[in-house]
Each structure stands twice: as C-alpha cells, then as structure tokens.
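Input: a single structure, listed below in structure tokens.
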Amino acid sequence: MGELLSVREVGKTYTGAKGQQVTALADVDLDVAEGEVVALIGPSGCGKSTLLRMIAGLDGAFDGELTWTKPPRPGKDIGFVFQEPALLPWRSVERNVSLGLEALRDNSSEARQRVRDLLELVGLADFAQCFPKELSGGMRQRAAIARALAYDPRILLMDEPFGALDAITRDRLHDDLLRIWEATRKTIILVTHSVEEATYLADRVAVMSARPGRIKAVHHVPLDRDRDPSTRRLPQFAEFAGMLRQELE
Ligand SMILES: Nc1ncnc2c1ncn2[C@@H]1O[C@H](COP(=O)(O)OP(=O)(O)OP(=O)(O)O)[C@@H](O)[C@H]1O
Ligand SMILES: [Mg+2]
C-alpha cells in the first residue's frame, strides 16, 4: 500500500456570524495509504466534518498542507457521504443516485445497471421512484450512500454515514461496505461516533481530542482484514473497542 495522502499541520479557524473566532482544528497530522480504511473518532465539535470537507476539496481555506501522491480528479475520484444526507428534493431516489453519473455524462447501460444494483444493495429498489420527502431519515441516508458509490470513486469519504440507521440495517451495511472494500480496495475515511463501528471497519483508527481538534493517537486495529459478524465476538475486538472508548473519555 503506497502513501496516498499526507495531512500536515492542518489548522482551521472559522469566523462566526458575529465575528467570533472558533479554532476548529489545530496542527492535525495524518497519513492515509492507498486502499486503506481509516476511521476518525472524537468528541462532538472536534472538527471531524471540517477535516473531511477539506480532504474532499470542499473547503480550501485552511492552514497547513494536504499533499496527494495521486491528486483526485474533481467529481470523479471522491465520493462523499455527508452527515446530513443532502438529497435534491425535486429528484426521485433513482435520479439522486445517478446524479454523479449524469455530471460525468455517463449514460451507459452498465452505469444504469450499477444504479439499480446499488439501490438493491441499500434496500431501496422499491423506492427508486419516490422523492426524498417520502423516505424515512435512515432511508435517505442509505440513498446518500448509494449516490456516493454510484460513479465508483476510488476514495470514499463518509461522515457518520450509519448514524441514523437502526442496528440491523447498520450491521448489514457494515458488511456490505466490507464486501465493497474487498472487491474494490477503495481508500475510505470514515467519521464515526461508534468505537465498535471503527473497530469493525477500519485498518487504523485516529482518535481526535476535543476542540481545537488534534489527532491524539492513531491505532492499528489488531484484527485480520477478513472480517465477518463473528469478528465482533472476538476478545481482541472488545478489548480494542474498550481501549478506544477509554481514550475518548
Ligand atoms: N461554517 C462554520 N462557521 C463557523 N463555525 C463552524 C462552521 N462549521 C463548523 N464550525 C465550528 O467548528 C467546530 C468543529 O465543527 P465540525 O462540524 O467539524 O465538528 P464535528 O467533529 O464534525 O462534530 P460532530 O461530531 O458533532 O459532527 C465546531 O465548534 C463548530 O461550531
Ligand atoms: Mg460532524
């Protein structure tokens, strides 16, 4: 696995509506290898979404440096799942999922099939023609995940993608994401509040401190890459998740 991204001394200060300054991030250092799954965990407000948006290129105003060995092409290489599923209300579920493909002018039959397969994968095949307002919060989140995968980006940035889901759907999508990763070896940066989710999905877990956010520690997950539901019952799993929880406290 070669190096893909290095984040060096990245800092971010927002100026609020009343002119007050909020330092969201300070001196963040993080390396991400190609094909790796990195989880970012940390207390609410520590700058996880801020960091992810910078990596996505959605916010260019920050201190420090982001260096890519293979710079991502805009609209092609990065799929982003936002913390709030940002679906377009006037488009059906299917046409939300195919949005990125339309932007790339990819109307091939494979692309259309992929949209149908993804809707199947996230359990929304029967809702393809519905509008976002007709979906539950969890269903909207699943549509947003399908949309991020639709154009097959090589980098997937996910901001608490499973937060609004019930436990059964969440576990199923965890396993789907593992399978997608095994088949495609995408580089994934995943923000989560769940130490179990981080342990189950990631190769490494970066723990952030409270605002201003810094990377407090980065841990290798001591589990084989081949994971399935039985992995959750291993003693190392509970031990590692427990260690992460302690580090967050
Ligand atoms: N557009 C903005 N203008 C001003 N302040 C902002 C803006 N966006 C974020 N902040 C501030 O930056 C800090 C970090 O916010 P961010 O959304 O990155 O946190 P987070 O770690 O993702 O939190 P959560 O886990 O609750 O999603 C917060 O204090 C927030 O108030
Ligand atoms: Mg956030």
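The values are calculated or read from the model by the stated rules, or taken from the named source; none is laboratory data. Since the model is a prediction, treat every value here as computed from it, not as a measurement. When we count neighbours, we look across all protein chains shown, and the Cβ atoms used for this are built from the backbone with ideal geometry, even at glycine. For accessibility, only protein heavy atoms count, side chains too; no ligands or nucleic acids. Shrake-Rupley method; radii C 1.70, N 1.55, O 1.52, S 1.80 Å.
Residues are listed down the side, and each one gets a yes or a no for (1) closer than 26 Å to residue 189 by Cα; (2) assigned to a loop (DSSP other than H, G, I, E, B); (3) open to solvent by less than 40 Å² (accessible area, probe 1.4 Å); (4) among the β-branched types (Val, Ile, Thr):
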position	(1), (2), (3), (4)
83	yes, yes, no, no
91	no, yes, yes, no
96	yes, no, yes, no
118	yes, no, yes, no
129	no, yes, no, no
139	yes, no, yes, no
161	yes, yes, yes, no
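For segment 10-21, taking the residues that are over 14 Å from residue 61 (Cα atoms) and either open to solvent by less than 70 Å² (accessible area, probe 1.4 Å) or in contact with a Gly (Cβ under 9 Å, 6 or more places away or on another chain) (or both), the one that is farthest from ligand 1 (Cβ to nearest atom) is identified as 19. Restricting 148, 167 to residues that are closer than 26 Å to residue 3 by Cα and small (Gly, Ala, Ser) narrows the list to 148. Show the residue pairs that are 6+ apart or on different chains and have beta-carbon atoms under 6 Å apart, the first residue being within segment 209-220 and within 13 Å of residue 27 (Cβ to Cβ) and among the hydroxyl-bearing types (Ser, Thr, Tyr), the second being modelled with pLDDT under 95 and open to solvent by less than 30 Å² (accessible area, probe 1.4 Å). Matching pairs, first to second residue: none at all.
Within segment 39-59, residues that are over 20 Å from residue 204 (Cβ atoms) sit with their Cβ atoms under 6 Å from residues that are within 11 Å of ligand 2 (Cβ to nearest atom) and open to solvent by 10 Å² or more (accessible area, probe 1.4 Å), at 6+ positions apart or across chains, in these pairs: 59/53.
In the set 51, 4, only one residue is surrounded by 14 or more Cβ atoms within 10 Å (Cβ to Cβ), more than 13 Å from ligand 2 (Cβ to nearest atom) and among the hydrophobic types (A, V, I, L, M, F, W, C); that residue is 4.
Assess whether residue 33 counts as being open to solvent by less than 30 Å² (accessible area, probe 1.4 Å), more than 16 Å from residue 192 (Cα to Cα) and within 13 Å of ligand 2 (Cβ to nearest atom). So residue 33 fails the test. Considering 229, 153, the condition of being surrounded by 15 or more Cβ atoms within 10 Å (Cβ to Cβ), over 14 Å from residue 244 (Cβ atoms) and at pLDDT 90 or above is satisfied by 153 alone.
Quick check on my filter: what residues within segment 164-205 are open to solvent by 30 Å² or more (accessible area, probe 1.4 Å), in a loop (DSSP other than H, G, I, E, B) and over 23 Å from residue 216 (Cα atoms)? Result: 164, 166, 185. Scanning segment 4-34 for residues that are assigned to a loop (DSSP other than H, G, I, E, B) and modelled with pLDDT under 95 returns 16, 17, 18, 19, 20.
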